[in-house]
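Only the coordinates and a few stated rules stand behind these numbers; no lab work does. As the structure is a prediction and not an experimental result, all values here were calculated from the model. Positions of Cβ are backbone-derived with ideal geometry, glycine not excepted, and every protein chain shown enters the neighbour counts.
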């Protein structure tokens with residue numbers, strides 16, 4: 001049977017990019033990645049285990065054509081597991097490194113989507129070779145995730161301080177320094193979805209409860225009934241970057257960028273007005289999604305009233321306003337954040353195709369009601385042991401009292 005060489009497993013979308021990286025999508029550094037069936041399989045699977053430092057083990061490590069994982073138990077004892085070619089799978093690797101083995105290059109980003117964290121002042125917590133994804137080339141095209149990726153020498157090294165152990169079948173397993181966390185949604189990825197539980201994935205793909213802190217040496221408890229297979233809507237956290245996994249089937253029910261553009265045009269066609277200046281408001285095009293426009297809608301995020309920018313009771317400079325956004329709404333006198341509204345442009349984050357009627361607070365990203373409701377109940381990993389809800393378009397933490405608000409637009413008086 002001839003298989004379709006263009007088989008696409010999924011789209012992986014990076015949180016906080018809102019459709020594209022601030023510096024633009026280039027090469028392997030993008031805001032989203034499509035994983036397609038390779039022309040030639042490059043998957044690997046475990047084979048020989050060397051329990052002592054034999055010449056064969058040393059050869060496996062030094063051979064740049066041989067994949068292997070080294071588990072250092074002590075200075076005098078290293079277990080080496082050889083990996084052999086697997087023609088039935090394709091392997092894709094994700095990490096911070098720009099070396100050739102990495103297919104998807106990800107970097108730490110500060111909340112708000114302003115750009116990558118200053119590498120000289122903030123040390124990245126994302127591993128250079130963070131994880132690998134193994135995809136079946138034939139039906140049912142299952143996809144599984146494993147912690148750690150092979151470097152340019154086709155090796156994975158787990159140092160003496162890394163959490164590691166021997167399993168009952170004699171194989172070794174372990175965890176990476178800051179771990180690879182995965183959460184599978186319940187009831188699929190749709191408007192009825194509910195958050196699942198965050199788990200940690202090991203180097204061999206086993207599933208564990210979370211460690212006490214991200215880099216603790218004591219592993220969590222193994223969760224045998226659960227699997228490392230990715231499903232539509234699975235979240236992958238690499239301690240500095242969070243990815244959303246969407247399957248090809250799931251994306252077929254997701255609004256496209258063209259559909260989001262239609263929704264934007266329909267919203268603007270209603271000619272919403274500022275109730276203070278009576279000027280017509282309009283959301284800028286998706287290509288100018290981060291550029292303040294004179295027709296830019298602004299909103300008071302405690303009450304949801306939408307205005308154009310005005311200096312009523314505040315500063316006259318919109319740029320300064322964004323630094324100190326607390327204002328009193330002239331319509332209802334409610335005090336709260338006063339921010340520009342931005343359309344959420346990453347279609348993969350939407351759970352339905354409904355109009356953009358709600359905004360995340362305090363960032364002002366706008367999408368459908370059920371999309372804000374879904375992400376408002378997802379607690380994303382933050383730092384080494386904290387979790388908080390955040391806007392997927394910019395990863396800014398949501399307000400504790402009201403993470404989203406229904407927008408109230410003023411219709412034209414004529």
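Some values worked out for this structure:
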| quantity | calculated |
| --- | --- |
| Calculated P(r) of the stretch 238-301 - Cα pairs past 20 Å, % | 49 |
| Overall form of the stretch 257-406 per C-alpha gyration tensor (a/c, 1.5; a/b vs b/c) | oblate |
| Cα gyration tensor category, rounded, prolate or oblate, for the stretch 126-256 with a/c compared to 1.5 | prolate |
| Per-selection Rg to Rh, the stretch 8-251 - Cα, Kirkwood hydrodynamic radius | 0.95 |
| Cβ crowding within 10 Å averaged over residues, with 253-265, 235-247, 92-104 ranked highest first | 235-247, 92-104, 253-265 |
| Fewest-first sequence of 198, 298, 165 by Cβ atoms within 10 Å of each Cβ | 165, 198, 298 |
| Options [x] 45, 22, 18; [y] 37, 23, 21; [z] 38, 27, 18 - which one matches semi-axes √(5λ) of the Cα gyration tensor in Å as calculated here | [x] |
| Length gained when the stretch residue 285-residue 253 is fully extended (0.36 nm per residue, less Cα-Cα span) | 9.2 nm |
| The stretch 31-66 residues near the modelled residue 128 label - backbone nitrogen below 19 Å, point 7 Å along Cα→Cβ | 61-66 |
| Rounded FRET efficiency, nearest 0.05, which uses the C-beta distance separating residue 103 from residue 138 and R0 of 30 Å | 0.90 |
| Calculated P(r) tail over 12 Å for the stretch 368-414, as whole % of Cα pairs | 67 |
| Proxy reagent accessibility, fewest Cβ within 10 Å first, across 271, 333 | 333, 271 |
| Ordering of 59-68, 36-45 by packing [mean C-beta count within 10 Å, highest first] | 59-68, 36-45 |
